[in-house]
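Q: The structure under discussion is supplied below as structure tokens; questions concerning it will follow.
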């Protein structure tokens, strides 16, 4: 009798245990927004962040698309969902999709050698493939590690305040060291994605940003997304900032052409990011097999895997995929995190170089689903 009662109690308890493990609904996430607002404002004050745009999508429903603080401190312009923030390296996921479109069009192949498209590349590049560039296993050094300081040491360098042509940037990449045999290791390389933009230009005959606009932004109705420009008049553009001895200063100046490369030089508003999330959820633009490639972790030569796909970190949380990526450039830091276990997307855009959007995401996730936050990779 006691065993029967215990068994009955366990059966009755199962529904409640399932509910406890279930992902919060969109309405439940919406109910947590006051606490999320309080956390964001407190964290902004702690990190001294001038402005933030926040987007939260739960089960396909936009539960938050809002701004906090100032897009431009000097003009006292507030952040809104229309404010344009620099993408930083979040732009790489768009470049990856653009490359996969060329693969689907038959203009590129993932395992083609890079030298098939860039004929005068160094002999040491002969084993580098398009795939190696996409998943950061090419071995080509990151050009952002070779600023003018390197010139003083007698090594290859890039002057961030000089306008380079596309051809000059490619030649500069030739002079960078090959840090390991292609495919043998993983190391983040902005140079690889810069070169992917060059490949798109070579196989389409058009600037990669124009192809991106026509093939991705327009179809997904990302109406204000665009490549950066120092010359154009761009409504709702945020200013970037940095902290110098705790005091807020304007972003450091970078030559205009270096803000047009395919490694992360885009303007996007929160409205654009929400349109992108709709596209990701629908697996729009690309064929299913291409999306599978985008989200497949790297397999190195020795057979081990590294949790990075094409423009996305590929991890797991609550036993389901957790796709995410961060960005940082010229006074802006950004993050997009997609938790498939909870059908939850969080986008955080900031206009401060020292800000940690990942910390904002983590705090928000803890308020929405503590179990998800507990199990996500650190």
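Q: So what is the relative contact order for the chain, in percent, with contacts set as C-alpha pairs under 8 Å and at least six apart?
A: Working: 719 pairs, mean separation 88.7, N = 378.
After rounding, I find 23 percent.
Q: Principal axes first, then extents: for the Cα atoms of the chain, list largest minus smallest coordinate on each axis, whole Å, largest first.
A: The Cα atoms of the chain stretch 82, 52, 41 Å along the principal axes, largest first.
Q: Multiply the residue gap between residue 214 and residue 174 by 0.36 nm, knock off their C-alpha separation, and tell me the result in nm, one decimal place.
A: Numbers: separation 40, 0.36 × 40 = 14.40 nm, distance 3.04 nm.
That works out to 11.4 nm of additional length.
Q: Of the peptides 204-215, 237-248, how do they stack up when ordered by the mean number of other Cβ atoms within 10 Å, highest first?
A: Descending packing order for the listed peptides: 204-215, 237-248.
Q: Nearest 10 degrees is fine. How inclined is helix 190-204 to the longest principal axis of the chain, computing both from alpha carbons?
A: Result, in degrees: 70.
Q: Could the peptides 139-145, 174-180, 320-326, 344-350 be put in order, highest first, of the mean number of other beta-carbon atoms found within 10 Å of their residues? Walk me through the intermediate numbers first.
A: Values: 139-145: 20.9, 174-180: 15.0, 320-326: 18.9, 344-350: 27.4.
Descending packing order for the listed peptides: 344-350, 139-145, 320-326, 174-180.
Q: Quick one: compute the contact order of the stretch 187-318, relative version, from alpha carbon pairs under 8 angstrom and 6+ residues apart, as a percent.
A: Taking the mean separation of contacting Cα pairs over the length of the stretch 187-318, I get 22 percent.
Q: What angle, in degrees between 0 and 90 and rounded to the nearest 10, separates the Cα long axis of helix 270-282 from the longest principal axis of the Cα atoms of the chain?
A: 80
Q: I want to check the label-to-label distance for residue 163 and residue 206. Put each point 7 Å from Cα in the C-beta direction and report it in nm to one decimal.
A: Between residue 163 and residue 206, the label points sit 2.4 nm apart.
Q: Would you mind getting me the FRET efficiency between residue 243 and residue 124? Use the beta-carbon distance for r and R0 = 35 Å, nearest 0.05.
A: Details: r = 40 Å, r/R0 = 1.14.
About 0.30, to the nearest 0.05.
Q: Looking at the chain, send over the antiparallel percent of its DSSP beta bridges, to the nearest 5. Present the calculation step by step, with values, prior to reporting the outcome.
A: Numbers: 50 of 52 bridges.
Looking only at bridges with both residues in the chain, the antiparallel portion is about 95 percent.
Q: A further question on this structure: If one takes the longest principal axis of the Cα atoms in the chain, at what angle in degrees, from 0 to 90 and to the nearest 10, does the Cα axis of helix 357-368 lie?
A: 20
Q: While we're here: If the viscosity is 1.567 mPa s and the temperature 4 °C, what Stokes-Einstein diffusion coefficient in µm²/s follows for the stretch 234-338 when Rh is the Kirkwood radius over Cα pairs?
A: On the way: Rh = 16.6 Å.
Calculated translational D: 78 µm²/s.
Q: Let me ask another. How far apart, in nm, are the 7 Å Cα→Cβ label points at residue 74 and residue 41?
A: Taking the two extended label points, one gets 2.9 nm.
Q: Based on the mean of other beta carbon atoms within 10 Å per residue, what is the order of 160-167, 40-47, most packed first?
A: Going from most to least packed, we get 40-47, 160-167.
Bear in mind these aren't lab numbers, they're just calculated from the coordinates by the rules spelled out. In this text, all values refer to a predicted model and were calculated from it rather than measured experimentally. Glycine also receives a Cβ, built like all others from the backbone with ideal geometry; neighbour counts cover every protein chain displayed.
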